[in-house]
Amino acid sequence: MSVRDEHRTALRALDDDPAAVRAYLTAGSGLPGPRANLELVGAFADVAPDDLVRALADDPDEYLRCCGTCGLGRLVVQAPADARAAPTDLLRARASDGSWRVREAVAMALQRIGDAEPAALRALVSSWVTDPDPLVRRAAVAGICEPRLLRNPATATAALDACAAATATIGALPSDARRDADVRTLRQALGYCWSVAVAGDPAAGVLRFAALRGSSDPDVAWVVRENEKKARLRRVLDRPA
């Protein structure tokens with residue numbers, strides 16, 4: 001039995017006691033410390049009751065909020081099409097969370113959606129990547145730029161589209177607006193997401209990245225330089241034509 005399986009078993013045994021679940025999560029969080037316990041986050045997202053997922057997604061505690069936020073991905077997938085707005089809206093709200101750990105949990109939740117319903121993820125990312133909030137745009141690219149999801153050709157194309165759209169939103173900003181911390185967070189994500197997207201669809205990605213390399217925009221140039229440091233991109237760019 002894996003560590004995650006052990007956590008699932010323990011959490012299922014506590015289903016009828018939300019306070020005990022909270023205590024179990026807090027005790028196993030790994031916080032304070034350099035790394036949160038992501039295996040436990042995933043286990044909670046796998047098996048927690050829906051009501052507790054929603055409650056923890058809005059909890060004041062950072063780690064509990066991570067657990068609930070990750071679980072929202074499962075709620076979106078499980079809900080019928082006409083009932084997905086509520087968990088999706090809550091997930092979008094968490095994309096703008098003040099905690100970077102919670103924002104990472106949003107990406108994890110999106111990837112859960114992509115694992116189960118690639119088309120649903122693509123539709124959500126297409127909507128979020130033009131959102132006025134740069135942190136929501138950041139969640140879109142971070143969520144879809146996951147190597148396992150890009151084995152799906154349509155999702156690989158959507159990842160390139162998302163990176164291009166998000167990069168264009170930065171390029172359209174005046175210089176003073178680019179100093180905004182949330183815009184910088186989006187730029188940081190694009191500094192690695194392009195390499196993932198290009199590696200996911202090299203035939204199209206190399207050409208799209210080449211066009212990006214020709215930009216004179218200083219922030220776009222920064223994104224290019226950061227991605228060129230990534231081994232996954234260097235391997236693709238160094239392949240013989």
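The values are calculated or read from the model by the stated rules, or taken from the named source; none is laboratory data. Worth saying up front: this structure is predicted, and the values here are computed from it rather than measured. Note: ideal-geometry Cβ built from the backbone for every residue, glycine included; neighbour counts use all protein chains shown. Heads up: the accessible areas ignore ligands, DNA and RNA and are worked out on the full protein's heavy atoms, side chains in. Shrake-Rupley method; radii C 1.70, N 1.55, O 1.52, S 1.80 Å.
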- Task: Work out from phi, with θ = phi - 60° and the Karplus expression 6.51 cos²θ - 1.76 cosθ + 1.60, the ³J(HN,Hα) of each residue of the stretch 230-238, listed in order in whole Hz, and give x for Gly and Pro.
- Result: 7, 4, 4, 6, 4, 4, 6, 5, 8
- Per the helix-only model, the chain has a calculated mean residue ellipticity at 222 nm (DSSP H runs of ≥4, -39500 (n - 2.57) each, divided over all residues, rounded to the nearest 500) of -22500 deg cm²/dmol
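Would you list L38, L121 from the most to the least accessible area, probe 1.4 Å? Don't skip to the end; give the middle numbers.
Working: L38 95, L121 0 Å².
These residues rank, largest area first, as L38, L121.
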- Message: Taking the Cα centre as origin and putting +1 on Lys and Arg beta-carbons and -1 on Asp and Glu beta-carbons, what dipole magnitude results for the chain, to the nearest 20 debye?
- Response: 1100 debye
- Task: Please turn the phi angles of the stretch 119-130 into ³J(HN,Hα) values with the Karplus equation 6.51 cos²θ - 1.76 cosθ + 1.60 (θ = phi - 60°), one per residue in order, whole Hz, x for glycine and proline.
- Result: 5, 5, 4, 4, 5, 5, 4, 4, 6, 6, 6, 10
- Put S96, S29, S175 in order of accessible area, largest first, 1.4 Å probe: what do you get? S175, S96, S29
- Message: I'd like the orientation of helix 218-228 relative to the chain: the angle between its Cα long axis and the longest Cα principal axis, in ° from 0 to 90, rounded to 10.
- Response: 70 degrees
- Item | Where the stretch 1-152 is the region considered: accessible area per residue in Å², 1.4 Å probe | 44 Å²
- Message: Please list M108, M1 from largest to smallest accessible area, probe radius 1.4 Å, with all protein chains kept in place.
- Response: M1, M108
- For each cysteine in the chain, check whether another cysteine's C-beta sits under 4.7 Å from its C-beta; list those where none does. C66, C67, C70, C163
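For the stretch 42-193, with all protein chains present and a 1.4 Å probe, just round the carbon and sulfur fraction of the accessible area to a whole percent.
Values: 3060 of 5760 Å².
That fraction is 53 percent.
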- Distance between Cα centroids, the stretch 83-140 to the stretch 142-207: provide it in whole Å. 14 Å
